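Single-structure report; data block below.
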Amino acid sequence: MTEPKRILVTSALPYANGPIHLGHLAGAYLPADVFCRYHRMLGSDLVYICGSDEHGAAIVKQSIAEGVDPQSIVDKYHALAMKDFAAFGMSFDHYGRTSSEAHRKTASEFFRTMAQKGAFTTKTEQLPYDPKVELFLADRFVMGTCPICGNESAYGDQCEKCGTALSPRELIDPRSTMSDAELVWKETTHFYLPMGEHQARLEAWIAEKTDWKVNVLGQIKSWFTLGLGERAMTRDLPWGVPIPEDVAAAAGVNAEGKVLYVWFDAPIGYVSSTREWAEQLGDPERWKTYWQREDTRLIHYIGKDNIVFHTLSFPLMLMLHGDYVLPENVPANEFLNLEGQKLSTSRGWAVWLGEALEAFPADYLRYSLLRTLPETRDADFTWADFSAHVNNELADNFGNFANRTIQFATKYLGGTVPELVDPSDADRAALEEMATFPARIGALIDQHRMRDAVQELMALGRLGNKYFNDGEPWATRSKDPQRCNNTVHVSLQICGALSVLAEPFIPFTAAKLRAILGVEGVRPSTPGGQGELGWADAARPLLTSGSALGTPEILVSKVDEAAIEAQLELLRTRSAAAAASTAEAPYAPVRDTITYDDFAKLDFRVGHVTSAERVKKSKKLIRCEVDLGFETRQILAGVAEHFTPEDLLGKRVIVVANLAPRKMVGLESQGMLLMAEDRGGALHMLTADSEPGSTVS
Ligand SMILES: [Zn+2]
């Protein structure tokens, strides 16, 4: 087990322009919360920092669209995030916000120090400008095609599909998202961070990070291969941290209308939030212990869309500023899909945390999400899996074991912990195995393998259930009362261990179980608590013979079919509403006119999809076998982000039958399936009720 050591943990600051959804939780929040709760129980000196990211072009854009000021948008979502996170059991030591005065001060100072150390260059250049709304088209105000992956909806600062950081100049066919005006290029001056000059230093630093996750190192490597270049650290925007006037003046730049780039200011939010925490403790200098003492372990939990900022640009900022520790690890998760489709708030394809918490206890969501975390690759959350996780594992294994043991002791043994006398080999073996679990679960948490860690917790539940079954206390009760007592004693001790070890994962249920068992004095997994029993103490029996048990109650109730159907219905209704309200989205322009003869060359046929499977090496492709009546074709359809193979299977689809075969990822595609794409970007399959091979014209 890890030695207690000073640890600073951060979760990516959620962007305050919408509610928290399950995708957020599976990325940067739930894994970090498990890690922090575990370490607090271990006795580590730990601070867990988060807050709202409240600047940037997207919030300005939304404020213009809604006709309100940016502050009222961020106020609303900051309050909502705090409320939802609290109900979900997030155990932040402090949750700050980047529109606070304290943050503005910290971010300005940081920028000034870097400028004084010569970290920036300035550059006067032509940038896209929308004359209709009179704004420079920073970041999300401009959209175009990503030069790396071809995504047609890449933003001026980043392509969300492939994660590449971009500048508007790099976009192919840039367009304004603020109006239908043709964008013009207008002169302006900005501060740049020449990251390319420091690439060797960053590469040397990353080379030491052999224990980082493969998905993270893979992304970093591809950026090194592309070359880091330079990134503008300021923007022309009416909302954000103003650039310090003295710094601007010294560089001969007019500061008016210029703010720090949101990706410069947001990570400094971790620092300012820690400062606020220290101030509220009445020990204002204490933040420095965590940020500036070399023996701090700094860990950033993030989603994969933030890897470049946390592994390259923010560490470089910390290096160039000096005085700060660098991250020890950045355990980024991949994306969580929802019911086989990519999660999308604009398409209404998301589960809002607040709504989910109205339907289910937080621990059910925590448990199922932990089982589904996209730790090494994208993962799919479905309500059917949720139901199975809660009913078959949390209720049938964990809940059932605790319940049957406590019920038995209450019903037959006077509601007290019976004495263990002359234990059998089986009793001893069960206790010995129980003793291995704190270290086993802890090691997995320390490796950021929360999926495996929570399964290990369930393994202890299975151990308990098997031991109880094998002991048959219902049979030994009359034949051999002491053997019965021993079985119940050991089972209750396993319940005791579970009540401690479940705490990081399902804290509400764990607390309930401890209350029934009378396990007291456990060090809280939340900030600031005291207790003489720590994580490692769960290795030994925690219940005293003869002590009274509390009133038994059901720890985990099963989720019924109707509750699941209600969630699916909500998802369907919301995505349909979102599709109907994409009216502002532009229609795709009509292509060049063709003659009838051109059209007549196309041969459309009805095909029956007889098999469908995901192509392993591709995120987009589904390999289908399509029966055209006269022959069967292999067709690779680029629809995996929209449909599951099951959606396609058995459908009668429209196929372009005379398209020249094409090779993709080593497989030949012998045709194409027709799809309709609506303005919101959702795909709809074209089907026909005719026999395979029918012509379509
Ligand atoms: Zn891209």
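The values are calculated or read from the model by the stated rules, or taken from the named source; none is laboratory data. No experiment lies behind these values; they were computed from the predicted model shown. With ideal geometry, Cβ positions are generated from the backbone for all residues, glycine too; neighbour counts draw on all protein chains shown.
Here's the yes/no breakdown for (1) in a loop (DSSP other than H, G, I, E, B); (2) under 26 Å from Cys159 (Cα atoms):
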site: Gln219; (1), (2): no, yes
site: Ser222; (1), (2): no, yes
site: Thr225; (1), (2): no, yes
site: Gly229; (1), (2): yes, yes
site: Pro238; (1), (2): yes, yes
site: Gly252; (1), (2): yes, no
site: His310; (1), (2): no, yes
site: Leu316; (1), (2): no, yes
Can you tell me which condition Gly43 does not meet? The list is (1) modelled with pLDDT of 95 or more; (2) within 29 Å of Pro361 (Cα to Cα); (3) not aromatic (Phe, Trp, Tyr), and all the others hold.
(1)
Hey, does the range 7-23 have a residue that's among the small types (Gly, Ala, Ser), in contact with a Pro (Cβ under 6 Å, 6 or more places away or on another chain) and either at positive phi or not assigned by TED's automatic domain parsing to the domain that holds Pro438 (or both)?
no
List the pairs whose first member sits in the range 160-177 and is closer than 20 Å to Thr311 by Cβ and part of a strand (DSSP E or B), whose second member is within 10 Å of the ligand (Cβ to nearest atom) and of a type outside the set (Asp, Glu), and whose Cβ atoms are under 9 Å apart, counting only residues at least 6 apart or on separate chains?
Ala165/Gln158; Ala165/Cys159
What about Lys76, is it at pLDDT 95 or above and away from the ligand (no atom under 16 Å from the Cβ)?
yes
Considering residues of the range 168-205 that are buried (at least 17 other Cβ atoms within 10 Å of the Cβ) and within 16 Å of the ligand (Cβ to nearest atom) only, the residue modelled with the lowest pLDDT
Pro168
Residues that are part of a loop (DSSP other than H, G, I, E, B) and either basic (Lys, Arg) or within 10 Å of the ligand (Cβ to nearest atom) (or both), drawn from the range 136-151
Cys146, Pro147, Ile148, Cys149, Gly150, Asn151
Can you name the residue in the range 323-339 that is more than 30 Å from Leu571 (Cβ to Cβ) and modelled with pLDDT of 95 or more and is also surrounded by the most Cβ atoms within 10 Å (Cβ to Cβ) among such residues?
Val330
Of the residues in the range 432-486, how many are closer than 17 Å to Arg371 by Cβ and part of a helix (DSSP H, G or I)?
16
A careful count of residues in the range 122-135 that are exposed (fewer than 14 other Cβ atoms within 10 Å of the Cβ) and either farther than 14 Å from Asp180 by Cα or at pLDDT 90 or above (or both) gives 4
In the range 154-167, the residues that are closer than 19 Å to Ile64 by Cβ and within 11 Å of the ligand (Cβ to nearest atom)
Tyr155
Within the range 66-105, can you find the residues that are under 15 Å from Tyr270 (Cα atoms), exposed (fewer than 15 other Cβ atoms within 10 Å of the Cβ) and of a type in the set (Asp, Glu)?
Glu101
Criterion first (over 30 Å from Met450 (Cα atoms), touching a helix residue (DSSP H, G or I) at 6+ places or on another chain (Cβ under 9 Å) and either part of a helix (DSSP H, G or I) or not assigned by TED's automatic domain parsing to the domain that holds Met434 (or both)) does Ser545 satisfy it?
yes
Only one of (1) under 21 Å from Ser11 (Cβ atoms); (2) in a helix (DSSP H, G or I); (3) acidic (Asp, Glu) does not apply to Glu375, and that is (2)
Here the residues within the range 67-87 that are among the charged types (D, E, K, R) and either over 21 Å from Leu237 (Cα atoms) or part of a helix (DSSP H, G or I) (or both) are Asp75, Lys76, Lys83, Asp84
Is there a residue being within 14 Å of Thr526 (Cβ to Cβ) and under 16 Å from the mean Cα position of the chain (by Cα) anywhere in the range 79-88?
yes
Inspect the range 100-115 for any residue being of a type in the set (S, T, N, Q), in contact with a Ser or Thr (Cβ under 6 Å, 6 or more places away or on another chain), more than 16 Å from the ligand (Cβ to nearest atom) and not assigned by TED's automatic domain parsing to the domain that holds Lys619 and give the result as yes or no.
yes
Considering only strands (runs of 3 or more DSSP E) wholly within the range 562-669, the ones with at least 3 residues that are touching a Leu at 6+ places or on another chain (Cβ under 7 Å) are 604-614, 622-627, 632-637, 652-656
